[in-house]
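Undergrad: Okay, here's the structure, questions in a sec.
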Amino acid sequence: MGAAEKGLGDAPYGLVGRRLGHSWSAQIHERLGSAPYRLVELEPDELAPFVRQGSWRGLNVTIPYKREAARLADVRSAAVERLGAANTLVRAEDGSIVAENTDVLGFAWMLSRFCRERIGASPRELLEGEKVIVLGSGGASQAVVDALSNTVGAESVVISRSGTETYDTLVERHADAVLLVNTTPVGMFPECPASPVPEGDLAALGGLRGVLDVVYNPTRTGLVLAAERLGLPAESGLAMLVAQALYASELFQGRDLDDSLVTEVERQIAGQAENVVLIGMPGAGKTSCGRELARLLGRPLVDLDDALKIEFGRSPAQIIEQDGEASFRTLETEVVRRYGARSGLVIACGGGVVTRPENHDLLRQNGRIVLLDRPLDELSSDGRPMSRARGVERLAAERMGLYRAWADVTLRCTGSAAGDAAAVRELLGL
């Protein structure tokens, strides 16, 4: 098979890049009407033949081919001419290739909603003439800076490792910035929930009114989680991803689409991607509820205690009894890190997962946390060394405050696993 035919088959639309990994583009475009849609990984020498000779009607282009896509086009939009990069190619009726950069439009859409709904001001009211910190200097950064300049008249300061403005002087020189936008891949799956800026530096940026991250996987990046802890409105990049796809889909299909589709599709994708994380006291029914919930939702169930036993060859009880609780908690966090970074799971946690603060971000980055609250007199200590050693009442005194602080929602247990699962599904709108 030649490069021109590689990957798309009979699909008229697709995404091209070198390493696509986990992408939601196909699911998004299916909901927008630009389908069938395929993901195509190409080596550098395959891009030009594919673009120039392929039978496609519309393409999205991602790293590292956006500049080459602009060069290969016959017609370039004003945004593409300014930036020298294209993320969308459309084949016109006469066979010519038209290049557009819908990343600019997608970020402008996300920025507008964020300012109005999370901060209570229009983007221009908030940002015109104000300083915005943009982390990173690559293609996404150029699109963000272009949108900030041409849409709201903001003054963008680009921070990079080797540019004229660096992370070393971020706090010293730019504490008056109103908004911070991350366009680097730091914190992207699977290296999550890392953050490009330490939480202390973020706190020192005293003028900030909000934080945006163009990374969309995980659902809440390390930067977003840090901003939330500081009380700052923050959002990851799923809305930008969907919005830029909507504008690309309009070009693919040659028709206007309702902007309300962005929020609708974003909600659908987030619901599909977010894990449901069950926490609670030992014996609260997390595993049995999780099993029923996984069946209802058609998702895999990961019981972290079972996953730990499979990985390390001993049950939690055996590890605690033989090596002590501290050794077990270290191994538990390794397993939490692995599964918390994945998407679309039901995760049943061990009762003591909340005793390690670092587990919170690992679980919340891609999940909504549900506390199963069962009366203490209904909890069994059979096979649970911590419950036997300390007693249920003492464990509850140590942990219930943590459970409640971690939980996005709390469910008073219904008395049956099936009833709990149905109630969790309703609470989360799944």
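Undergrad: If every alpha-carbon in the stretch 274-430 counts as one equal scatterer, what log10 I(q)/I(0) does Debye give at q = 0.09, 0.10, 0.21 1/Å?
TA: -0.25, -0.31, -1.51
Undergrad: Mind telling me which of Ala227, Ala70, Ala11 comes out most flexible in a GNM of the chain, alpha-carbon contacts under 10 Å?
TA: Looking only at Ala227, Ala70, Ala11, the largest GNM fluctuation is found for Ala11.
Undergrad: If you don't mind, there's one more thing I want to ask. In Å and from the alpha-carbon atoms only, list the Rg and Dmax of the stretch 104-236.
TA: When restricted to the Cα atoms of the stretch 104-236, Rg and Dmax are 13.2, 37 Å.
Undergrad: Of all DSSP beta bridges located in the chain, what percent are antiparallel, nearest 5?
TA: 15 percent
Undergrad: So what is Rg over Rh here for the chain, counting just Cα atoms and using Kirkwood for Rh?
TA: 1.02
Undergrad: Neighbour counts of other C-beta atoms within 10 Å: give me Met188, Met240, Met400 arranged from fewest to most.
TA: Least crowded to most crowded, the residues run Met400, Met188, Met240.
Undergrad: Loop-only check: which GluC sites (Glu not before Pro) in the stretch 32-140 are DSSP coil with at most 11 other Cβ within 10 angstrom?
TA: Glu93
Undergrad: Using Cα-Cα distances under 8 Å and only pairs 6 or more residues apart, what relative contact order does the stretch 156-251 have, in percent?
TA: 24 percent.
Undergrad: Starting with the fewest neighbours, write out His174, His29, His22 ranked by other beta-carbon atoms found within 10 Å of each beta-carbon.
TA: Going from least to most buried by this count: His22, His174, His29.
Undergrad: What does the extension gain come out to for Leu376 and Leu230, with contour length at 0.36 nm per residue minus their alpha carbon separation?
TA: Roughly 49.2 nm would be gained on extension.
Undergrad: Measure out, as a whole number of angstrom, how far apart the alpha-carbon centroids of the stretch 278-332 and the stretch 187-250 sit.
TA: If you average the Cα positions of each part, the centres end up 30 Å apart.
Undergrad: Report the net charge of residues surrounding Cys115, where surrounding means a beta-carbon distance below 13 angstrom and charges are Lys +1, Arg +1, Asp -1, Glu -1.
TA: Net local charge, Cys115 excluded: 0.
Undergrad: Quick one: dipole size for the stretch 88-165, taken about the Cα centre, charges +1 on Lys/Arg Cβ and -1 on Asp/Glu Cβ, in debye to the nearest 20.
TA: In total the dipole reaches around 300 debye.
Undergrad: How do the peptides 103-113, 197-207, 250-260 rank, highest first, by the average count of neighbouring beta carbon atoms within 10 Å per residue?
TA: 103-113, 197-207, 250-260
Undergrad: Moving on to the next point. Taking 0.36 nm per intervening residue step and subtracting the Cα-Cα distance, what contour gain separates Thr330 from Glu128 on full extension?
TA: Gain on stretching Thr330 to Glu128: 67.9 nm.
Undergrad: Given the rule -39500 (n - 2.57) for each run of at least 4 DSSP H residues, summed and divided by the residues of the chain, what is its mean residue ellipticity at 222 nm, to the nearest 500 deg cm²/dmol?
TA: -13000 deg cm²/dmol
Undergrad: Which value, in debye to the nearest 20, gives the size of the charge dipole of the chain about its Cα centre, when Lys and Arg are +1 and Asp and Glu are -1 at the Cβ?
TA: 640 debye
Just so you know, all these numbers are worked out from the coordinates, no wet-lab data involved. Keep in mind it's a predicted model, so treat the numbers as computed, not measured. Don't worry about glycine lacking a Cβ; one is built from the backbone with ideal geometry, like all the others, and counts go over all protein chains shown.
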